[in-house]
Amino acid sequence: MQEKTATLNTTSKSLGYNINKNKTKILRPKTNNNKPVTVKDGELEDVDSFTCLGSTINKEGGVQEDVKKRIQKARQAFLELKKIGFSKIIKERTKIKIFNSNVKAVLFYGAETWRTNKTTLQKL
């Protein structure tokens, strides 16, 4: 990992960019290697999980935390559509389309990167 970081740092500098050690974190999935990884400014921080593009990634590669967050966000989106759900004016077919585009889209955002199992699928 140190070698890759050094190469990235060298390439970045040749393009006029710098790696900011305060903004760069290291996640070591399933490894016992605890050697520090450094850039010119100093040692990079090791973390157990981080959020990238709305998805939470952790050391174990599990998705439970991300699934919980997605379910909460989908519930919020559903509650915001409550008036539409009880409306007598809007057709059921239109309500289903609104639900699919506003609630399901929030729930399944980033799901293609999840490693799923029966428990996760049941939660969803």
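The values are calculated or read from the model by the stated rules, or taken from the named source; none is laboratory data. Remember, predicted model here, so these are calculated numbers, not experimental data. All Cβ positions, even for glycine, are placed from backbone atoms using ideal geometry, and neighbour counts span all protein chains on display.
So here's what we get for this one:
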| quantity | calculated |
| --- | --- |
| Test: K21 is touching a residue at least 12 places away in the same chain (Cβ under 8 Å), surrounded by 13 or more Cβ atoms within 10 Å (Cβ to Cβ) and in the same structural domain as S101 (by TED's automatic domain parsing) | no |
| Residue in the range 21-30 that is of a type in the set (V, I, T), over 27 Å from F108 (Cβ atoms), at pLDDT below 90 and not in a strand (DSSP E or B) present | yes |
| D41, sole failed condition from (1) surrounded by 10 or more Cβ atoms within 10 Å (Cβ to Cβ); (2) under 28 Å from V63 (Cα atoms); (3) modelled with pLDDT under 90 | (2) |
| Residue within the range 104-116 that is of a type outside the set (D, E, K, R), loosely packed, with under 12 Cβ neighbours inside 10 Å and under 18 Å from M1 (Cα atoms) present | no |
| Residue that is modelled with the highest pLDDT, among those in the range 68-124 that are among the aromatic types (F, W, Y) and either outside any helix (DSSP H, G or I) or in contact with a strand residue (DSSP E or B) (Cβ under 9 Å, 6 or more places away or on another chain) (or both) | Y109 |
| Lone unmet requirement of (1) touching a Lys or Arg at 6+ places or on another chain (Cβ under 8 Å); (2) more than 16 Å from D66 (Cα to Cα) for F108 | (2) |
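Conditions (1) under 30 Å from E3 (Cα atoms); (2) among the hydrophobic types (A, V, I, L, M, F, W, C); (3) outside the structural domain of N9 (by TED's automatic domain parsing), marked per residue:
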residue: V39; (1), (2), (3): yes, yes, no
residue: G42; (1), (2), (3): yes, no, no
residue: G54; (1), (2), (3): yes, no, yes
residue: K97; (1), (2), (3): no, no, yes
residue: K118; (1), (2), (3): no, no, yes
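Let's see how each residue does on (1) within 30 Å of N22 (Cα to Cα); (2) of a type outside the set (A, V, I, L, M, F, W, C):
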residue: N58; (1), (2): yes, yes
residue: D66; (1), (2): yes, yes
residue: K82; (1), (2): no, yes
residue: E92; (1), (2): no, yes
residue: I96; (1), (2): no, no
residue: Y109; (1), (2): yes, yes
